[in-house]
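Some notes on the structure that comes next.
A short reminder: the numbers here are calculations on the coordinates, not readings from a lab. Quantities reported herein were computed from a predicted structural model and do not represent experimental measurements. Please note: Cβ atoms are built from the backbone with ideal geometry, for glycine as well, and neighbour counts cover all protein chains shown.
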Amino acid sequence: MCKITSITRQVKNKNRVSIHVDGSYFGALDEKTFLSSGLKTGDTLSEDIWERLFAQAENEAAFNKALGYISRLMRSKKQMIEYLNKKGYEAQSIQYAIDKLKEYKYIDDESYARMILSHQVNVKHAGMMAVKNAMYKNGIDKQTSEKAILEYDNEKQRENAKICAEKLLKKYHRIQDRREKKHKISQAMMRRGYNWDMINSVLRGDDEEN
């Protein structure tokens, strides 16, 4: 047991208060945790109470850090866990932050997967492999990813492949050699996530039209 001799607001961080016991600095709490604790000068502070308050403060700190990370861009659960880990938070505080983010719908991997799919399909006109890679890079688990990409059917993939091929035909229109042109277009389409079957099918159609 020790006695709180003073409680002061920190100069550099107005949202935190410093706790002094027996005349010496003991530790700091965020304002929300401090106000909920009801602590005041003259109170006795046991180790058990402090550990509980400190854990609560760490939970809130992790959640606030998570809010900052997600404020500019949607994140997956995996991305958020990795970020908070790198910031040094314990598993308990990370789980608290994740649960609270889910409660407020700030993390929703199914919605995030649909957003990724929409961007890849409707903006980038990417092939299936590129879509899957984008899901993986953004921390979407396999089950959620596979559920989302069911919406990207063969008809839409072929439509996008045609759009991609048409753009590449314009880009390489100066190449006279037909084989060289087809090779460059094929390689470019592979980089955009299309497989050989789709590429050959679309280019054969282009060959027939030209």
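Looking at (1) 16.2; (2) 11.2; (3) 11.9, which value of mean projected area of the Cα convex hull in nm² comes from a calculation on the structure shown?
From the options (1) 16.2; (2) 11.2; (3) 11.9, the structure gives (1).
Quote the FRET efficiency, to the nearest 0.05, computed for Arg72 versus Asn13 with a Förster distance R0 of 22 Å and r equal to the Cβ-Cβ distance. Before the final figure, lay out the partial values.
Working: r = 22 Å, r/R0 = 1.00.
According to the calculation, E is roughly 0.50.
In debye, nearest 20, what is the charge dipole magnitude of the chain about its Cα centre with +1 on Lys and Arg Cβ and -1 on Asp and Glu Cβ, if you could check?
Numbers: 39 positive and 30 negative charges, 233 e Å.
I would put it at about 1120 debye.
Classify the range 154-209 as rounded, prolate or oblate, taking a ≥ b ≥ c as the square roots of the eigenvalues of its Cα gyration tensor: rounded when a/c is under 1.5, otherwise prolate if a/b is larger than b/c and oblate if not.
On the way: a/c = 1.74, a/b = 1.55, b/c = 1.12.
Here the range 154-209 falls in the prolate category.
Give me the angle, in degrees from 0 to 90, between the Cα long axis of helix 128-137 and the longest principal axis of the Cα atoms of the chain, rounded to the nearest 10.
Its long axis makes an angle of about 10 degrees.
Restricting attention to the range 58-160, which trypsin sites (Lys or Arg not before Pro) occupy a DSSP loop and are surrounded by at most 14 other Cβ atoms within 10 Å? Present the calculation step by step, with values, prior to reporting the outcome.
Details: sites: Lys65, Arg72, Arg75, Lys77, Lys78, Lys86, Lys87, Lys100, Lys102, Lys105, Arg114, Lys124, Lys132, Lys137, Lys142, Lys147, Lys156, Arg158; in loops: Arg72, Arg75, Lys87, Lys105, Lys124.
Answer by residue number: Arg72, Lys87, Lys105.
Report the label-to-label distance for His183 and Ala28 in nanometres (one decimal), using points 7 Å from each Cα along the Cα→Cβ vector.
Simple spin-label model gives 6.3 nm for this pair.
Classify the range 1-114: rounded, prolate or oblate, from the alpha-carbon gyration tensor (a ≥ b ≥ c, eigenvalue square roots; a/c under 1.5 rounded; otherwise prolate if a/b is larger than b/c)?
Numbers: a/c = 3.02, a/b = 2.55, b/c = 1.18.
Taking the square roots of the gyration eigenvalues as a ≥ b ≥ c, the range 1-114 is prolate.
On a straight-distance basis, which aspartates and glutamates could pair with Lys170 in a cross-link, Cα separation under 13 angstrom, same-chain partners fewer than 8 positions away excluded?
Excluding near neighbours in sequence, the set is Asp206.
Give the calculated FRET efficiency between Glu82 and Met190 to the nearest 0.05, with a Förster radius of 30 Å applied to their Cβ-Cβ distance.
Numbers: r = 30 Å, r/R0 = 0.99.
With a Förster radius of 30 Å, E is 0.50.
Report the paramagnetic label zone for Glu51: residues of the range 1-27 whose backbone N is under 14 Å from a point 7 Å from Cα along the Cα-to-Cβ axis.
Answer for this model: 1.
Which Cα, out of Asn59, Ile19, Ile81, lies furthest along the positive dipole direction of the range 1-104 (beta carbon charges, K/R +1, D/E -1)?
Value: Ile81.
Excluding residues on the same chain fewer than 8 positions from Lys40, give the lysines whose Cα lies under 22 Å from its Cα.
Lys3, Lys12, Lys14, Lys32
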